[in-house]
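The values are calculated or read from the model by the stated rules, or taken from the named source; none is laboratory data. In this text the structure is predicted, and so the values were computed from the model without any measurement. Cβ: placed from backbone, ideal geometry, glycine included. Neighbour counts: every protein chain shown.
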Amino acid sequence: MSEIDKEKALKKLTELYESIQAEGDLEHDVFIPLNPYTVSRLWEEVKKQNLEYLQKQEVEIDPKLDYPLMMIGWVDAISRDEPKWDSIENTIEWATNDDYVTHQVGWVLRDDDEFVLMFDKKATYDDDVIIAGAFKIPKPWIVYRRTLSVNE
């Protein structure tokens, strides 16, 4: 959490604490010092209020965050868990097994001849686009692709 985030959170907690004190919304209507339990209780109330607020808001998709949502099936290099002697036929059968497909869902940031670059979290913070969960998949590893849509 950045210093700015901490300052915002502390300000919100202080405002909430003062409103609880002013409304007499305390069990015994007495001053409660800011101890870890009180801060924890206040923080839960802040999260609850923010969630209620966010649930009432109309969600607009920021055009800067508009990337295709896709599911990609891909295979990675694999090895057997234990070293064991086996026939060539059994080894080939093991290696050609398609049970090792990983299914990745995310927004496609880049799609070129060499790889697909995806991410699975995105937000706007102080008018900047931020992303997390970046994942680079080499094209030869991809076994299928499906463009997904979000029902609005």
Residue set Asp120, Asp112; condition charged (D, E, K, R) and free of Cβ contacts under 8 Å to residues at least 12 places away in the same chain; output residue Asp112
Hits in the stretch 118-152 - residues which are under 15 Å from Asp66 (Cα atoms), of a type outside the set (Phe, Trp, Tyr) and surrounded by 11 or more Cβ atoms within 10 Å (Cβ to Cβ) = Met118, Asp120, Lys121, Lys122, Ala123, Thr124, Val129, Ile130, Ile131, Leu148
Do we have any residue at all in the stretch 11-32 that's loosely packed, with under 10 Cβ neighbours inside 10 Å, under 21 Å from the mean Cα position of the chain (by Cα) and modelled with pLDDT under 70?
-> no
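Can you tell me which of Val75, Val108, Val143 is in contact with a helix residue (DSSP H, G or I) (Cβ under 6 Å, 6 or more places away or on another chain) and at pLDDT 85 or above? Give the derivation first.
Numbers: Val108 fails: in contact with a helix residue (DSSP H, G or I) (Cβ under 6 Å, 6 or more places away or on another chain); Val143 fails: in contact with a helix residue (DSSP H, G or I) (Cβ under 6 Å, 6 or more places away or on another chain).
Answer to the check: Val75.
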